[in-house]
Each structure stands twice: as structure tokens, then as C-alpha cells.
Amino acid sequence: MLIVIGGATGSGKSEVCCLLAKEIGGEIISADSMCVYRGMDIGTAKPIECMKEVKHHLVDILDVGEIFDAKLFEKLSLKAIEEIRERGKLPIVCGGTYLYIQALLYGMAETPEPDWKLRERLYKIAQDKGSDYLYEKLKILDPVYANKISPKDTRRIVRALEVFINSGRPFSSFHEWKKPRFPFKGFYLSWSWEILSKRIEERVYSMMEKGLLKEVEELIRRGFEGFLTSSQAIGYKEFIPYFKGERSLEECLEEVIKNTKEYAKRQIRWFRRQGWEEVPMDSLGIEGALEKILLHLGATKNH
């Protein structure tokens, strides 16, 4: 059996998964698009302490700047699941990058090979006219996929348009996503928006106290500015203008909080649609959430 625990940024997924793994003899597969990178620890809230006690997969496997996507996540996570089961352990997928989770559970269709020249032209249009301009085109050509992604997600917008132009088929038509490839139990950690919003704000300020600014500065010094400005690098990209002297630190912090909350809303919408077992964190808290999940798994606490 596969266990999947998802939820928005700041919902407590890592804490719950860590406790669960220790209770049932599990290993954690991280479904976080940024935790795969070495050197991006604070801004990704990497579960450093838990990693000392519980084996984690797909964390710190790449250098910043290397390409990682849903297809590669699908491949590596399937391999990890097999290895975990061979050791007699239970695989627990933990994260909020819902497109990765979707790829693992339902697979990814074989889309046309990348057309780098076309992709470069589309990126140039996005640079000149903004990603919103291309997003409006995508809404007409493939409203189903457009509804799944952000108007600011240039990388996915460009890929979807590239596929449509080269194949004549909407990108969404390559994905059926009807039946999961294997049995799983999915749990969604939920909070009232008022509390989650406050948790996100506190989380960002806590990251600053832990040295997030120095982490961003070091990544810039190593030449990763282009990578940090990608749509996925929330919590990093917003500080680039500060180091360029274009915005104040306070303005950048506000931007981090705003972008994180917007992403959290997209996560919430996706997880709500899945019909998984909802775990209301406002009333349960971390320990209560663990008890509820164990109950649904037919397990009990070891103590």
C-alpha cells in the first residue's frame, strides 16, 4: 500500500509524515519540486531533523540549476517505492507539488519530444509580452490544462503551447488521469484560511531568522540567479530585486508572503478535488492528525 499525505505550504505535512513514518516503519518520498536541490534548505523548509531519524528519498539529489520535472519525479519515485518495499518498509509520499503527485499516481502520457527552437521563441514572447499574454492563448487552445496551472507558470505554459503547435492536440488530451496505477490511501491536511494564512506569515519570518537571506545570497553568488527567478522558486526569486538594489527588504518579504499564499490557494483547490480523507488541523493539531491517519490505516500508536 502507498500512503500519500498532501496539503498546502505550511500545513504541517513534514511533521505529520515524520511521526507517521516512525510509528509504522515507513520511509518518506518527498513530493516537493525544490527539496530535490542541494543548498536550498531554509527556503524549502527542508525537514533536516526528521531526515536524521527517517530515511528520505528525492531530497538533496541535484545541484541547483539541474533540470527536474514531473516525468523525472515519476521515474525516481517509482524506483524509490520499489526499494522501500523490498526493505519491508512502507512508502509515504509527502508534499505539496500536486503535479508531481498526479504524475506518480496516474502516470504521464508520452508527449511530443521537446522542440527547443520553438520553446526559445515562446520564451522570448513571454519575456517581451509577459506570461499572462501566452496564458490567454493557452486558455483558448487548452482551457482544461490552463485551469490546472498558474498564469505566472511560464515553463508549463510554454510546454503546453509547444505541444499544441507541434501536435495539433491540447496538452491535456495526453493525460487521462482516471484510474490510479496502484492502490493508495490519500490524506489532505486542511486548515481554516485565517489560521493557514497566519502560519505562512510566521513561517516566512522564521525562515528569515534562520538565515534565508544568506542562503539566497550564496545561491546568487554561485551564479544561480536565472534558476531562482523561475516560477517554482517561491521564497527565493522575490529577493533578487533586493540584492540588485531595486526593492526594499520589506517589499520583498511582502512579495514572498503574497506569492506563497497564492500558491497555497492553488494547492488547496487541487487537494480538495481529489476526494481524499480530510484531516482538519485546526481542531486536531499534529498529534491528533497522526491519530486520525493511523485510525484510517487500521493501525495504532506504539505507545
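The values are calculated or read from the model by the stated rules, or taken from the named source; none is laboratory data. All values derive from a computational prediction rather than experimental measurement. No Cβ is skipped: glycine too gets one built from the backbone with ideal geometry, and neighbour counts run over all protein chains shown.
Miscellaneous remarks
- Looking across region 255-302 at every residue that is within 14 Å of K13 (Cα to Cα), of a type in the set (A, V, I, L, M) and out of contact with any Phe, Trp or Tyr (no Cβ under 7 Å at 6 or more places or on another chain), the one that is surrounded by the most Cβ atoms within 10 Å (Cβ to Cβ) is identified as A289.
- Qualifying residue in region 175-193 (condition: assigned by TED's automatic domain parsing to the domain that holds L90, at pLDDT 95 or above, crowded, with 19+ Cβ neighbours inside 10 Å and more than 24 Å from L2 (Cβ to Cβ)): yes
- In this structure, Y100 does not qualify as within 23 Å of F182 (Cα to Cα), of a type in the set (F, W, Y), surrounded by fewer than 23 Cβ atoms within 10 Å (Cβ to Cβ) and touching a residue at least 12 places away in the same chain (Cβ under 8 Å).
- Scanning region 216-237 for residues that are of a type outside the set (A, V, I, L, M, F, W, C) and either buried (at least 20 other Cβ atoms within 10 Å of the Cβ) or outside the structural domain of D32 (by TED's automatic domain parsing) (or both) yields G235, Y236, K237.
- Screening A80, A103 for residues that are assigned to a helix (DSSP H, G or I) and touching a helix residue (DSSP H, G or I) at 6+ places or on another chain (Cβ under 6 Å) leaves exactly one candidate, A103.
- Restricting attention to region 20-33, the residues being surrounded by 21 or more Cβ atoms within 10 Å (Cβ to Cβ) and not hydroxyl-bearing (S, T, Y) number 6.
- Restricted to region 27-77, and to residues there that are of a type in the set (G, A, S) and part of a helix (DSSP H, G or I), the residue that is farthest from Q232 (Cα to Cα) is S77.
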